Each structure stands twice: as structure tokens, then as C-alpha cells.
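First the structure, in the form of C-alpha cells, and then the observations on it.
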Amino acid sequence: MATTKPTGDPAPSAVALDADLAARLVAALETIGSAITRDEVNDARALSLLAHLTGRDGYGGGPAPDPVRSRAARDYEVLRGLLGRAGAPRGLNMRRSENDIVVDDPLPVSSAYAIVESPGTLSSGPVTERVDADPAANRLSLDRITQAMPISRVEVFDCEDTFLAFGPSLAAFTD
């Protein structure tokens, strides 16, 4: 079972997992991973979706993208990162600053862009924005997602569309 400090919010270092629970989590993760194996058809679907989100061409035809399967594949990678698996994307600490996302941890050196998703507002609906990532600046400047919109997902990719890192959900910016 998980154990935490008796008072307040636990710091990440203060949370420990029972060895049996950790083994069951890893087994569940591997089951999820085997359900979304990366065969050629699924790669084509994921790349087609990524091409649609990023506006980049050159991925060829193939079957129509399956957004649910693509999201499940990225969620699987996030879980691998949270469990500390080698080669998995890593979580980054981020915060809002007006219409920017400030990345408190260093962005991976090979970061090229980020996909930022927001549920938007009642009038706008969901908004997805592709933002150039500059590892030296550690800041993602948003245009379409305004400071009044919360952020539900931040995913960082390299120039070859490899999923490198992810960020937390962020509330709308208020003074």
C-alpha cells in the first residue's frame, strides 16, 4: 500500500509503493502496452494524426488516424515515464505566466515543438496549439490558447516527432 507523511500534501519523495503493488502496476502497464503494440498500421495512424496536429506533410497515405488509439499510445508512454522506465518521456514541472508556459525543469536538448491542449471556453470549445520549443528559453509562448483557458495537456516532441516529455494540467492564469 502507498504510505505518505501524516500531514499536508506528500512530496513526491515521501510516497513509497508496496513492492507487490508496484509489481502489479508494472504488469498492468505491460498489458496496456501489448494492447497497443506499434505495428505498421498503428504507426501510420499515429503519424497521420501527428501530421494533422502539427500541419506537417510527408507522412504518406494510409488508414485514417484513430485519435483514441493515438491518445492511448501517448498515455502509455506517459505511464512508462512516471514509473521510471528507460527511454520513456519524462515529466516536467511547469507553471503559467500570463499567456506563456514557464518550464521549471530543463527542456530536453532535442526539443523542437510542443503540442498544448486546452478544453477552451464555452465559446471557443477545445483548442490544440503547436508551439515551437526553445530549450534555451524554457518557455512556451501561446497564441491561440489565452490566459483565461486552462491547459489539459502539454507534450514535447523532437524534430523527428519522438515524444520526449510531458507537463501537468495547468489552471487558467489569474493575477
Subject >> Residue list for the stretch 146-167, restricted to those being open to solvent by less than 20 Å² (accessible area, probe 1.4 Å) and more than 24 Å from S110 (Cα to Cα) >> reply: M149
Original post:
Has the stretch 152-168 got any residue that is in a loop (DSSP other than H, G, I, E, B), out of contact with any Leu (no Cβ under 8 Å at 6 or more places or on another chain) and charged (D, E, K, R)?
Top reply: yes
Original post:
From the residues in the stretch 123-145 that are charged (D, E, K, R) and more than 14 Å from S97 (Cβ to Cβ), which one is most open to solvent (accessible area, probe 1.4 Å)?
Top reply: R144
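The values are calculated or read from the model by the stated rules, or taken from the named source; none is laboratory data. It should be emphasised that the depicted structure is a prediction, and the values quoted were computed from it without experimental measurement. Ideal geometry is used to build each Cβ from the backbone, glycine not excepted, and the neighbour counts take in all protein chains shown. Just so you know, the surface numbers come from the protein's heavy atoms only, side chains and all, with ligands and any DNA or RNA stripped out. Shrake-Rupley method; radii C 1.70, N 1.55, O 1.52, S 1.80 Å.
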